[in-house]
Amino acid sequence: MSIADWRRMVDKVDQQLLALISRRARLAARIGQAKTATSKRAFVPTREKEIYSHLRRNNRGPLSDAAIRSIFREIVSACRALEEPVRIAYLGPEATFTHVAAYSVFGHAAEYIPAGDIRSVFETAETGRAQCGVVPIENSSEGTVRETLDTFLTSELRIMSEEVLPIHLTLMGSGKLSQVKRVCSKPIALAQCRAWLSEHLPDAELVETASTSAAAAEAARRKDVAVVAHEMAAEIYGLKVIQPRIEDYERNVTRFLVIGSDRPARTGRDKTSVLCSVKHEPGALWKLLDIFRKHGLNISYLYPRPSRDKPWEYFFFLDIEGHREDEPVAAGLTEAERYCSFFKVLGSFPKAD
């Protein structure tokens with residue numbers, strides 16, 4: 001067969017795919033009508049997790065699981081938009097890693113609302129200007145994002161899902177590597193690629209900026225200025241990639257949370273996050289952890305946050321394996337709440353893939 005023959009076969013498959021996608025979209029629209037009648041939202045984390053798990057189990061190649069998820073993320077995103085226009089608040093500006101994480105969850109059909117700080121992300125979702133928000137919670141090399149934890153203390157929003165994003169940093173600008181005299185980015189990005197910059201641009205001035213967009217605008221005007229950011233920034237701000245993947249640690253990842261007012265149903269592969277405080281006395285934390293041990297619960301993450309009101313007292317952020325509707329988790333939470341001076345379940349949600 002000739003290339004033209006193969007292409008005609010591809011065209012036929014494309015027509016079949018288009019027909020099936022259109023059929024799926026019509027079904028999604030009907031589902032949206034049913035959800036509207038019962039006041040349910042379009043974004044259902046447990047259902048979307050189920051879709052991707054099913055695709056992963058049935059994928060026989062040659063496309064990778066990641067490629068299949070990327071394709072279906074946009075199909076799901078477009079169909080979700082037929083059910084209900086979805087607005088997502090995120091820690092901006094455009095092309096931040098939080099923006100990238102939001103795209104990874106919701107796809108291109110959602111409307112994205114940048115916020116200047118994490119508190120503003122919460123407020124945008126709390127007031128209904130966005131159905132959900134996306135905020136960072138933990139980086140594998142830099143640790144926990146304290147502002148996110150602090151905001152949970154007073155917010156009524158819940159954790160609906162999580163997304164784990166590999167952090168790949170790109171050097172971009174309008175000139176060549178040999179022309180770069182100044183490298184601009186946020187402090188955390190510069191810190192995460194300091195070894196590469198020291199080796200390849202030892203004489204360049206490293207400039208910490210509060211805004212990726214301002215740095216990108218300067219790089220677009222000057223060939224001797226470069227920016228460190230996610231590769232999405234190159235497309236958004238009209239820059240060219242000078243060098244991809246300049247991060248010092250290949251396994252650097254950040255965990256993000258999707259926050260909103262809904263409570264996801266159990267999937268059998270869930271986490272429950274808790275924010276609590278115990279009395280300032282010997283063995284207090286050990287007693288709390290022993291409650292969860294007695295109920296056979298695994299704590300996958302624990303972070304202490306000093307109280308701003310009382311010196312030497314702490315809040316603890318915990319991730320517990322399981323859903324709050326699971327009997328052992330429910331029993332453990334009930335006993336722990338009686339023991340703690342402050343206790344708040346931030347949500348039960350599907351684990352990230």
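The values are calculated or read from the model by the stated rules, or taken from the named source; none is laboratory data. Bear in mind the structure is a predicted one, so any value in this text is a computation, not a measurement. Quick reminder, even Gly has a Cβ in these numbers, built from the backbone with ideal geometry, and neighbours come from all protein chains shown.
To keep it simple, each residue is scored yes or no on (1) assigned to a helix (DSSP H, G or I); (2) buried (at least 22 other Cβ atoms within 10 Å of the Cβ); (3) not assigned by TED's automatic domain parsing to the domain that holds Tyr301.
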| position | (1), (2), (3) |
| --- | --- |
| Ser77 | yes, no, yes |
| Arg80 | yes, yes, yes |
| Ala89 | no, yes, yes |
| Thr98 | yes, yes, yes |
| Ser104 | yes, no, yes |
| Pro114 | no, no, yes |
| Phe122 | yes, yes, yes |
| Ala130 | no, yes, yes |
| Pro136 | no, yes, yes |
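Only residues that are out of contact with any Phe, Trp or Tyr (no Cβ under 7 Å at 6 or more places or on another chain) and more than 16 Å from Lys351 (Cα to Cα) were counted across the range 317-340, and they come to 10.
Can you name the residue in the range 212-230 that is part of a helix (DSSP H, G or I) and in contact with a Leu (Cβ under 9 Å, 6 or more places away or on another chain) and is also nearest to Val100 (Cα to Cα) among such residues? Spell out how you get there, then give the answer.
First, pick out the residues of the range 212-230 that are part of a helix (DSSP H, G or I): 212-221.
Now restrict to residues that are in contact with a Leu (Cβ under 9 Å, 6 or more places away or on another chain): 216, 219-220.
Details: Ala216: 17, Ala219: 21, Ala220: 21 Å.
It comes out as Ala216.
Of the strands (runs of 3 or more DSSP E) entirely within the range 259-353, those holding at least 2 residues that are under 23 Å from Tyr90 (Cα atoms), touching a residue at least 60 places away in the same chain (Cβ under 8 Å) and under 19 Å from the mean Cα position of the chain (by Cα) occupy 270-277, 342-350.
Listed here are the residues, each with its yes/no results for (1) out of contact with any helix residue (DSSP H, G or I) (no Cβ under 9 Å at 6 or more places or on another chain); (2) surrounded by 18 or more Cβ atoms within 10 Å (Cβ to Cβ); (3) over 19 Å from Thr98 (Cα atoms); (4) among the acidic types (Asp, Glu).
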residue	(1), (2), (3), (4)
Lys176	yes, no, yes, no
Ser185	no, yes, no, no
Leu190	no, yes, no, no
Arg194	yes, no, yes, no
Leu197	no, yes, yes, no
Asp203	yes, no, yes, yes
Val207	no, no, yes, no
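Can you work out which of the residues in the range 38-74 that are of a type in the set (Gly, Ala, Ser) and farther than 12 Å from Thr267 by Cβ is surrounded by the fewest Cβ atoms within 10 Å (Cβ to Cβ)? Per the criteria, the residue is Ser39. Scanning the range 163-187 for residues that are among the charged types (D, E, K, R), closer than 18 Å to Thr209 by Cβ and not in a loop (DSSP other than H, G, I, E, B) yields a total of 1.
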